[in-house]
Structures are given as structure tokens and as C-alpha cells.
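The values are calculated or read from the model by the stated rules, or taken from the named source; none is laboratory data. Bear in mind the structure is a predicted one, so any value in this text is a computation, not a measurement. FYI the Cβ positions are ideal-geometry reconstructions off the backbone, even for glycines, and counts take in every protein chain you see.
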Amino acid sequence: MVSGEKQYIRKEMNSCIKDFVENLPENYRTVIVLSELEGHKNKEIADILGISIDTVKIRSHRARAKLRKELETHCNFYHGDNNEIACDLKSPHPLKNSQE
């Protein structure tokens, strides 16, 4: 059973990561959403978007690299209770207040 505090931490972490995903360039964000959130395989993503599998792989790789860099720059990750990963923002989320 997950305690209320653990649920809150997990919700906050998911919200934070979601903010970073939402701020990826659209072509990267789309590939990440289709693969990681919706569970599509590269071939399915290529068919959905009308692009080659190689393009899907490239966008996926670049999206993950950009997301990893943003998370490493703005988040402190640590192992919390029961060895679960948790994070704290190093500073206020840089993208929440930006005007793009």
C-alpha cells in the first residue's frame, strides 16, 4: 500500500516530468508521447506520423537526450523510502513562466 506522502511525491514528480515533456519541440514530444505514454512500437509511430522508422529512432533518441539534459539541469533525483526514485526541483521550473 502506498502512503499518502508517497502518492503526493509520485504525483508531483510525474507532473514535473510532464512539464518538461510538454516543452520539448513538437516533433520530439509527439514521438515520446506515442512511445512512452501510449506504448506504440517504432513501426506503428512511423505509420501514424507518415515518417520513416529511422526518423522515428532519431527523434526518439534526440528527445530522450534533450529531456535527460533538462531533467539533470533542473532536478535533483534521489532514492526515497523503499528505494523509490523521487526528485526535487533545483529551482522554480524554468519553462512554466516563459512566453514562447
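Counting just the residues of the stretch 64-80 that are without any contact (Cβ under 8 Å) to a residue 60 or more places away in the chain and not in a helix (DSSP H, G or I), which one comes out nearest to the chain's Cα centre (by Cα)? Looking at the filtered set, the residue picked out is 75.
Checked against (1) assigned to a helix (DSSP H, G or I); (2) at positive phi, residue 39 passes all but condition (1).
Residues checked against (1) of a type in the set (Lys, Arg); (2) at pLDDT 75 or above; (3) touching a Pro at 6+ places or on another chain (Cβ under 6 Å); (4) within 15 Å of residue 24 (Cβ to Cβ):
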residue: 66; (1), (2), (3), (4): yes, yes, no, yes
residue: 69; (1), (2), (3), (4): yes, yes, no, yes
residue: 74; (1), (2), (3), (4): no, yes, no, yes
residue: 82; (1), (2), (3), (4): no, no, no, no
residue: 87; (1), (2), (3), (4): no, no, no, no
residue: 93; (1), (2), (3), (4): no, no, no, yes
residue: 97; (1), (2), (3), (4): no, no, no, no
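Within the stretch 1-44, the set of residues being among the small types (Gly, Ala, Ser) and at pLDDT below 85 comprises 3, 4, 15. Taking the stretch 43-63 as the range and being in a helix (DSSP H, G or I) and either surrounded by 16 or more Cβ atoms within 10 Å (Cβ to Cβ) or of a type outside the set (D, E, K, R) (or both) as the test, the residues that pass are 45, 46, 48, 49, 53, 55, 56, 58, 59, 60, 61, 63.
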